Amino acid sequence: MKMKTSAVIFDLDGTLLDTLDDLTDALNSALLKMGREKMRTRDEVRSFVGNGARMLASRALSSEDPDLIDRCYSLFQEFYRARLICKTAPYPGIMQALCALCAKGVKLGVLSNKPDPATRSLCAHFFGPLLTCCSGEIPGVPRKPAPDGVLRLVSSMNVSPDETIYVGDSDVDIKTALSCGIVSVGVSWGFRPRETLVSAMAHHVIDHPYQLLDIVK
């Protein structure tokens, strides 16, 4: 379906940026510091991400022990802050698509379940003035798939939900858009397979960033 679009809000990891190698390196550094012998593979970390860094730590440890999770989470954050952009880069075609959307007068935002400081650092480094606003996980604001974060960005951009598209690579992102009553676009190049996005009832699933321009009117 075509629609009048005033704003597009993107997920970050797996949608705009391939962060998987830096996430894997930081997580394994944390596990090693904790004396864990089993390191996690890139594919395992791919399956763990999407619900925030604390859940990433829990899944990596295969534990629900809050003390262990807190320790791993803290160490992960420490290591990850030091390697945010060592191997991370935008997916092919992302920068061109963002520039084309800006040229159309569309406002762009980012909402991630990644902690807010890391989200803001990555967005500033890679996308700078292309973005109207961005937000990561903020204490007191329910993380995706709750609608709160999207609705905060929609309000800050002074647009309405029915003029907004949400773009992401996971079922969490599609559920987020559905919870807000806005159009959802799943991307097949990210951390989850196309089948997951289709099963989550995404309005659109695209295989290349430039296809987003066919949806934005």
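The values are calculated or read from the model by the stated rules, or taken from the named source; none is laboratory data. It should be emphasised that the depicted structure is a prediction, and the values quoted were computed from it without experimental measurement. Heads up, the Cβs are rebuilt from the backbone with ideal geometry, glycines too, and the neighbour counts pull from every protein chain shown.
When Thr5, Thr15 are screened for being closer than 20 Å to Pro90 by Cα and hydroxyl-bearing (Ser, Thr, Tyr), only Thr15 passes.
Condition check ((1) touching a helix residue (DSSP H, G or I) at 6+ places or on another chain (Cβ under 6 Å); (2) at pLDDT below 95; (3) within 18 Å of Phe127 (Cα to Cα); (4) assigned by TED's automatic domain parsing to the domain that holds His204) across all residues:
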position	(1), (2), (3), (4)
Gly14	no, no, yes, yes
Leu27	yes, no, no, no
Lys33	yes, no, no, no
Arg36	no, yes, no, no
Thr41	no, no, no, no
Gly52	no, yes, no, no
Gln77	no, yes, no, no
Ile94	yes, no, yes, yes
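Assess whether Asp162 counts as being under 17 Å from the mean Cα position of the chain (by Cα) and either over 22 Å from Asn51 (Cβ atoms) or touching a residue at least 60 places away in the same chain (Cβ under 8 Å) (or both). In short, no.
Out of Met95, Met34, one residue alone is of a type outside the set (Lys, Arg) and over 23 Å from Val205 (Cα atoms). It is Met34. The single condition among (1) farther than 30 Å from Asp214 by Cα; (2) outside any helix (DSSP H, G or I); (3) touching a Phe, Trp or Tyr at 6+ places or on another chain (Cβ under 7 Å) that Val110 does not satisfy is (1). When you scan the range 50-57, do you find a residue that is free of Cβ contacts under 8 Å to residues at least 60 places away in the same chain and at positive phi, even just one? Checked the range 50-57: no residue is free of Cβ contacts under 8 Å to residues at least 60 places away in the same chain and at positive phi.
Check the range 129-144 and report whether any residue there is in a loop (DSSP other than H, G, I, E, B), at pLDDT 95 or above, within 30 Å of Lys4 (Cβ to Cβ) and over 16 Å from the mean Cα position of the chain (by Cα). Yes, the range 129-144 contains at least one residue that is in a loop (DSSP other than H, G, I, E, B), at pLDDT 95 or above, within 30 Å of Lys4 (Cβ to Cβ) and over 16 Å from the mean Cα position of the chain (by Cα).
For the structure I just gave you, tell me whether Ser184 is among the hydroxyl-bearing types (Ser, Thr, Tyr), touching a Gly at 6+ places or on another chain (Cβ under 7 Å), buried (at least 20 other Cβ atoms within 10 Å of the Cβ) and farther than 20 Å from Ala100 by Cβ. Here the answer is no, as Ser184 does not meet what is asked.
With respect to the stated conditions, Gly168 fails to be among the small types (Gly, Ala, Ser), farther than 19 Å from Lys217 by Cβ and more than 11 Å from the chain's Cα centre (by Cα).
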